[in-house]
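See structure below.
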Amino acid sequence: MLGLPKGEVFLVPWCEEWEREFISERESILAAAGQYILDVHHIGSTAVKHLSAKPIIDIAIEINEFQDGTKCAAPLEKLGYAYKGTDVLPDRHYFNKGEPRTHQIHMYRRGSNYLLEQLAFRDYLRGNEAARMQYEQLKKQLSAAHKGDKHNYADSKTDFVKTILAITEK
């Protein structure tokens, strides 16, 4: 299942469809704007096997120069993405696709701390079952408490994320 209606927060169990969807989307993105792209990563909870997640494929794209993100807007819009600019989230170009939203792209300059943290957090959860299970329980509690408030849902996960990132920096 893919798609999260605007203003809603809910989780669904992890499924292999998410991996296949990322691979397919990655190929389309590279075909459309590959001349500006250094790498494409599957990030977020849908990138971690057996972790329940909001049904949105999160994609991180690495670009060499930050301004290359605007050059990617038109090709990605042809794939159905809406370019939301650089003011939605820090240090990135942001795109989303679908209503309900099925995909979102976070486009970073190579070496961005935000990108490195996304990858470190994902990789830690992929390799640590206890942390993955603990994170899943937290997400379930928070999604029940913040069904209509994605910002509070996200903000409430911050302490857990920071704890994991501190572990990965050691």
**Prompt:** Can you tell me which residue in the range 5-37 is nearest to His50 (Cα to Cα), limited to those that are small (Gly, Ala, Ser) and modelled with pLDDT of 95 or more?
**Reply:** Ser24
**Complete:** Asp91 vs (1) on the phi < 0 side of the Ramachandran plot; (2) touching a residue at least 12 places away in the same chain (Cβ under 8 Å): all pass except (1)
**Asked** Can you tell which of Tyr83, Tyr114, Tyr94, Tyr36 is under 12 Å from the mean Cα position of the chain (by Cα), among the aromatic types (Phe, Trp, Tyr) and farther than 20 Å from Leu125 by Cα?
**Response** Tyr94
**Asked** Here are some conditions: (1) within 23 Å of Glu21 (Cα to Cα); (2) open to solvent by less than 80 Å² (accessible area, probe 1.4 Å). Leu138 meets all but one. Which one does it not meet?
**Response** (1)
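Just checking, how many residues over the range 75-132 are part of a loop (DSSP other than H, G, I, E, B), touching a helix residue (DSSP H, G or I) at 6+ places or on another chain (Cβ under 6 Å) and surrounded by 15 or more Cβ atoms within 10 Å (Cβ to Cβ)?
1
Does the range 151-170 hold any residues that are open to solvent by 90 Å² or more (accessible area, probe 1.4 Å) and either within 17 Å of the chain's Cα centre (by Cα) or of a type in the set (Phe, Trp, Tyr) (or both), and which are they? Can you show your working first?
Going through the range 151-170, the residues open to solvent by 90 Å² or more (accessible area, probe 1.4 Å) turn out to be 151, 155, 159, 162, 169-170.
Across the range 151-170, the qualifying residues are His151, Asp155, Lys162.
I'm checking my understanding of the structure. Among residues of the range 141-150 that are part of a helix (DSSP H, G or I) and not polar (S, T, N, Q), which one is least open to solvent (accessible area, probe 1.4 Å)?
For the range 141-150, the residue satisfying everything is Leu142.
The values are calculated or read from the model by the stated rules, or taken from the named source; none is laboratory data. All values reported here derive from a predicted model rather than from experimental measurement. Here Cβ is always computed from backbone atoms with ideal geometry, including for glycine, and neighbour counts include all displayed protein chains. SASA here: full protein model, heavy atoms, side chains in, ligands and nucleic acids out. Shrake-Rupley method; radii C 1.70, N 1.55, O 1.52, S 1.80 Å.
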